[in-house]
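Trainee: I'd like to ask you about the structure that follows.
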Number of protein chains: 2
Amino acid sequence: MPIIKLNIAYDGTHYCGWQRQTARHTSSASHQSLATSHQKKTIQETIEDALQKIFKKKIKVEGSGRTDAGVHALAQVAHFKLDKPFDITKLASAVNAYLPKDISVISAEEAVKGFHSRFCAQRKIYRYCIANSAAKPLFVRHLSSWVRYPISIAKMRRASKFLLGRHDFKSFQASDRVIRKSITHIYKIGIKKSRGSGLFPFIGVSNWVVIDIEASGFLRNMVRNIVGTLVEVGRGRIKPQDVKNILTKKDRRSAGPCAPAAGLYLMDVRYGRL
Amino acid sequence: MPIIKLNIAYDGTHYCGWQRQTARHTSSASHQSLATSHQKKTIQETIEDALQKIFKKKIKVEGSGRTDAGVHALAQVAHFKLDKPFDITKLASAVNAYLPKDISVISAEEAVKGFHSRFCAQRKIYRYCIANSAAKPLFVRHLSSWVRYPISIAKMRRASKFLLGRHDFKSFQASDRVIRKSITHIYKIGIKKSRGSGLFPFIGVSNWVVIDIEASGFLRNMVRNIVGTLVEVGRGRIKPQDVKNILTKKDRRSAGPCAPAAGLYLMDVRYGRL
């Protein structure tokens, strides 16, 4: 049984996230989904539908992890199994022909035996993009978040040091009642500022602040909660050293707000030698 | 009667252009527009609807010129008349409160007596943005056009020189049967290349080609037809000096194809001392 690995980029704006909704979640909304064609789909379903058109049967695709509604990806990884050998040379372009313009299969390859996009993932990198300017970004409103007040990169960098290493990140985990594992390892946090390009007309976006986080795994809403907290640090509402206390409190209420989904990109999923 | 001048930015992706459709044009589609709430509106109508909520009566807004479906603006100018004095200090933010996120009033000011956004316009500047890269741009697909093959900026610049000055631009005018004035004056054509930013994740967009055109006025589809022709020159299908012949032929069929609307931005409308 060949296992096919897909590298996928998507603009998550018009989707309710990566993950197929379970029957339990969608049952109350199923009437509506039949009534309106504008019901939002998941990215996983959209790719499964495209694969079904190629393989003439239902294909179950598993991703490296879910991304929330409105979150984007430059390199989400997913896999599926086939019951017989298949020439995948032209698979990526074949799938793209059936995919809408906001999802693109960058490449398709046959994976080694036992490969699983989620269980074999060793590290992931997320990027968060903030348009830091007085004027609200009009053209990139779905592609970044917006912070209108000045933020100090130096303070944010100092605060981010306390988050490096293996910790219980309960303070930065989604605050729903679901009990989940909350220990993970952050390897790197990079925070950069860059000037807006004068050429490409991103009106009013004078500065970009870009935050890259590399970790062994991410908890639900973890990047967005960290970014929300770092922005509070950047504008002087939280002291950099207080981030250490926020972490040790293991209480979501101690950290800053959850930053909007629009600025978040899954940049890379890394696998060891398989 | 005060005349109010508005400076407006919009993402034209989800609109069927600036101009309100006349009754004659929409009559066949009116059934559909009642049936579906997703019928595309014009930008002019959307702004008029927002103003109606503020002034509690129908306001007729006139723009400096129409932009086609999918064309954007950083600074469209429009005006409307009021029958009594009005404090416009907070007008821009009041209108923005009623406008969707893809239209923004940048500023509102009282214009001098006799001001007319279209008749008084002396120059306009349009910008055309091309994502010039092997991979199709996913995130900026509505904000730029895409040319996958290499294009020579030097050749495009040489060709553009033949278009400067006052000419009959019939070869670059929309090829419908409507007879329109086709003489106008191009003051400047600027063609620049810039590297894609490594930070903001515009996947695969390694280079941008940006074309700025400043003219006394623009014919229907003129920028897009000029850009389509210049791209043909840039990739070596038309010789730079042949653009001179294309111009003198006064025949739309002699020029290159019409470039997609998504890359086009109305950048500025200039008025003399009024």
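The values are calculated or read from the model by the stated rules, or taken from the named source; none is laboratory data. Keep in mind the model is a prediction, meaning the values are calculated, not measured. So basically every Cβ, Gly included, is an ideal-geometry build from the backbone, and we count neighbours across all protein chains shown.
Trainee: Name the residues in the stretch B:96-117 that are more than 14 Å from chain A (Cβ to nearest Cβ), closer than 23 Å to B:Val269 by Cα and of a type outside the set (Gly, Ala, Ser), would you? Break it down stepwise before answering.
Mentor: Keep residues of the stretch B:96-117 that are more than 14 Å from chain A (Cβ to nearest Cβ), which gives B:98, B:108-117.
With closer than 23 Å to B:Val269 by Cα added as a condition, the list becomes B:108-117.
Listed by number, the residues that qualify are B:Glu109, B:Glu110, B:Val112, B:Lys113, B:Phe115, B:His116.
Trainee: Continuing with this model, one more query. Just for the stretch B:104-127: of the residues that are among the β-branched types (Val, Ile, Thr) and within 17 Å of the chain's Cα centre (by Cα), which one is surrounded by the fewest Cβ atoms within 10 Å (Cβ to Cβ)?
Mentor: Of the stretch B:104-127, the ones among the β-branched types (Val, Ile, Thr) are B:105-106, B:112, B:125.
Okay, now just the ones that are also within 17 Å of the chain's Cα centre (by Cα), so B:105-106, B:125.
Values: B:Val105: 21, B:Ile106: 17, B:Ile125: 20.
This residue is B:Ile106.
Trainee: What are the residues in the stretch A:134-146 that are under 16 Å from the mean Cα position of the chain (by Cα) and within 8 Å of chain B (Cβ to nearest Cβ), if any? Spell out how you get there, then give the answer.
Mentor: So in the stretch A:134-146, the residues under 16 Å from the mean Cα position of the chain (by Cα) come out as A:142-145.
Listed by number, the residues that qualify are A:Leu143, A:Ser144.
Trainee: Then there is this: Of the residues that make up the stretch A:105-119, is at least one closer than 23 Å to A:Val71 by Cα, in contact with a helix residue (DSSP H, G or I) (Cβ under 9 Å, 6 or more places away or on another chain) and basic (Lys, Arg)? Even if it seems obvious, please write down each step before you answer.
Mentor: First, the residues of the stretch A:105-119 that are closer than 23 Å to A:Val71 by Cα: A:105-108, A:116-119.
In the following step, the residues that additionally are in contact with a helix residue (DSSP H, G or I) (Cβ under 9 Å, 6 or more places away or on another chain) were identified as A:105-108.
Now drop any that are not basic (Lys, Arg), which leaves none.
No.
Trainee: Report, by residue number, each residue of the stretch A:241-250 that is touching a helix residue (DSSP H, G or I) at 6+ places or on another chain (Cβ under 7 Å) and either hydroxyl-bearing (Ser, Thr, Tyr) or assigned to a helix (DSSP H, G or I) (or both).
Mentor: Here is the first cut: in the stretch A:241-250, the ones touching a helix residue (DSSP H, G or I) at 6+ places or on another chain (Cβ under 7 Å) are A:243-244, A:246-247, A:249-250.
The answer is A:Val243, A:Lys244, A:Ile246, A:Leu247, A:Lys249.
Trainee: When only residues in the stretch A:85-101 that are assigned to a loop (DSSP other than H, G, I, E, B) and modelled with pLDDT of 95 or more count, which is surrounded by the most Cβ atoms within 10 Å (Cβ to Cβ)?
Mentor: Only one residue fits best here, namely A:Leu99.
Trainee: Still on this model: Restricting the stretch B:163-179 to residues that are crowded, with 18+ Cβ neighbours inside 10 Å and hydrophobic (A, V, I, L, M, F, W, C), which is nearest to the chain's Cα centre (by Cα)? Steps first, answer last, please.
Mentor: First pass over the stretch B:163-179, keeping only residues crowded, with 18+ Cβ neighbours inside 10 Å: B:163, B:167, B:169-173.
Filter again for hydrophobic (A, V, I, L, M, F, W, C), leaving B:163, B:169, B:172.
Details: B:Leu163: 19, B:Phe169: 18, B:Phe172: 15 Å.
Among those that are crowded, with 18+ Cβ neighbours inside 10 Å and hydrophobic (A, V, I, L, M, F, W, C), it is B:Phe172.
Trainee: Looking only at the stretch A:102-115, filter to residues that are in a strand (DSSP E or B) and of a type outside the set (D, E, K, R); which one of those is nearest to A:Pro2 (Cα to Cα)? So that I can check it myself, show each step before the final result.
Mentor: Step one: of the stretch A:102-115, the residues in a strand (DSSP E or B) are A:103-111.
Subset that is of a type outside the set (D, E, K, R): A:103-108, A:111.
Details: A:Ile103: 24, A:Ser104: 22, A:Val105: 18, A:Ile106: 19, A:Ser107: 16, A:Ala108: 12, A:Ala111: 8 Å.
Per the stated criteria, the residue is A:Ala111.
Trainee: If you take the residues of the stretch B:251-274 that are touching a helix residue (DSSP H, G or I) at 6+ places or on another chain (Cβ under 8 Å) and assigned to a loop (DSSP other than H, G, I, E, B), which of them is nearest to the other protein chains (Cβ to nearest Cβ)? Before you say what the answer is, go through the steps one by one.
Mentor: Just the residues of the stretch B:251-274 that are touching a helix residue (DSSP H, G or I) at 6+ places or on another chain (Cβ under 8 Å), to begin with: B:251-252, B:254-264.
Applying the additional criterion that residues be assigned to a loop (DSSP other than H, G, I, E, B) yields B:251, B:255-260.
Values: B:Asp251: 33, B:Ala255: 25, B:Gly256: 23, B:Pro257: 20, B:Cys258: 20, B:Ala259: 16, B:Pro260: 13 Å.
Checking each candidate, the answer is B:Pro260.
Trainee: Would a scan of the stretch A:189-196 turn up a residue that is crowded, with 19+ Cβ neighbours inside 10 Å, modelled with pLDDT of 90 or more, over 30 Å from B:Ala73 (Cβ atoms) and under 19 Å from the mean Cα position of the chain (by Cα)?
Mentor: yes
Trainee: One residue is enough: does the stretch A:59-71 have a residue meeting the conditions in a strand (DSSP E or B) and surrounded by 13 or more Cβ atoms within 10 Å (Cβ to Cβ)? Walk me through how you get there before you give the answer.
Mentor: Filtering the stretch A:59-71 down to residues in a strand (DSSP E or B) leaves A:62-63.
If we keep only those that are surrounded by 13 or more Cβ atoms within 10 Å (Cβ to Cβ) as well, we get A:62-63.
Within the stretch A:59-71, one or more residues are in a strand (DSSP E or B) and surrounded by 13 or more Cβ atoms within 10 Å (Cβ to Cβ).
Trainee: Out of B:Ala159, B:Ala131, which single residue is within 12 Å of chain A (Cβ to nearest Cβ) and either of a type in the set (A, V, I, L, M, F, W, C) or surrounded by fewer than 20 Cβ atoms within 10 Å (Cβ to Cβ) (or both)? Give the derivation first.
Mentor: Values: B:Ala159 fails: within 12 Å of chain A (Cβ to nearest Cβ).
Of B:Ala159, B:Ala131, the one residue that is within 12 Å of chain A (Cβ to nearest Cβ) and either of a type in the set (A, V, I, L, M, F, W, C) or surrounded by fewer than 20 Cβ atoms within 10 Å (Cβ to Cβ) (or both) is B:Ala131.
Yes or no, residue by residue, for (1) among the hydrophobic types (A, V, I, L, M, F, W, C); (2) buried (at least 19 other Cβ atoms within 10 Å of the Cβ); (3) under 14 Å from the mean Cα position of the chain (by Cα):
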| residue | (1), (2), (3) |
| --- | --- |
| A:Val223 | yes, yes, yes |
| A:Lys244 | no, no, no |
| A:Thr248 | no, no, no |
| A:Tyr265 | no, yes, yes |
| A:Val269 | yes, yes, yes |
